[in-house]
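Structure first, then comments.
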Amino acid sequence: DGGITQSPKYLFRKEGQNVTLSCEQNLNHDAMYWYRQDPGQGLRLIYYSQIVNDFQKGDIAEGYSVSREKKESFPLTVTSAQKNPTAFYLCASTPGNRGGGQPQHFGDGTRLSIL
Amino acid sequence: GEDVEQSLFLSVREGDSSVINCTYTDSSSTYLYWYKQEPGAGLQLLTYIFSNMDMKQDQRLTVLLNKKDKHLSLRIADTQTGDSAIYFCAEKVGSYIPTFGRGTSLIVHP
């Protein structure tokens, strides 16, 4: 079955450390997204990419970086500049026609905590 | 203020109907979505409605859209304990990325 795989499920970060969250999809979708979820805060957009080798900042990009070298993969790096990284991170994708109503497909998330 | 607003909690008795409400601000919204999130999991699409529709029904789920009041609701008939989850409303305006509400936690008790 096609879907989005996020790994790891749980991740711990030490002070001053960069960590990378993996997101892989086999849906042949063009667009991919990263969201951060905090309790009671809903979803906030970190970065998105509509095509390989191109990505744009979302609402809360500071302290994060991404790459999109392959269509299937959109890894998110949480850098040491992100002072409050503890959250649930969700990756999503869409076929790519932003003008259409195609809903986003979501992975099962990665929970990041500070040691 | 927020673009999409939802109440944070709803508590219902098993077997009753649940109605989760959502208001949005952008009158040019083209699609409106309902997602369900179970603990520790991602968001699962439940249903969505195009802005030229007033109602959409899918088994136990009924979506009502009042464009004049910019109000969207999700009714779950015969609510079961397995329906306990967080429900997110989202709106999409044209080609832009959807905006999500904060989510409504539905608690179903016996």
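The values are calculated or read from the model by the stated rules, or taken from the named source; none is laboratory data. Source: prediction; values computed, not measured. Cβ placement follows ideal geometry from the backbone for every residue including glycine, while neighbour counts extend to all protein chains displayed. The accessibility values were calculated without ligands, DNA or RNA, using every heavy atom of the protein model including side chains. Shrake-Rupley method; radii C 1.70, N 1.55, O 1.52, S 1.80 Å.
Tabulated data for the structure shown
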item: Nitroxide proxy distance, nm - points 7 Å out along Cα→Cβ at B:Val19 and B:Ser7; result: 1.0 nm
item: Per-residue average of Cβ from other chains inside 10 Å of B:33-39; result: 2
item: At R0 = 45 Å, FRET efficiency that the Cβ-Cβ distance of B:Ile107 and A:Lys70 yields, to 0.05; result: 0.60
item: Over chain B: Rg over Rh, Cα atoms, Kirkwood Rh; result: 0.95
item: For chain A, the Rg and Dmax computed from alpha carbons only, in angstrom; result: 13.4, 42
item: Per-residue mean of C-beta atoms belonging to partner chains within 10 Å, peptide A:108-115; result: 1
item: Chain B: relative contact order in percent, alpha carbon pairs under 8 Å with at least 6 residues between; result: 39 percent
item: Extension reserve of the A:Val52-A:Thr20 stretch, reckoned as 0.36 nm per residue once the Cα distance is removed; result: 9.7 nm
item: Average beta-carbon neighbours from other chains, 10 Å sphere, peptide A:42-49; result: 4
item: Antiparallel content of DSSP bridges confined to chain A, in %, to 5; result: 90 percent
item: Percent accessible area from carbon and sulfur atoms, chain A, protein chains only, probe 1.4 Å; result: 45 percent
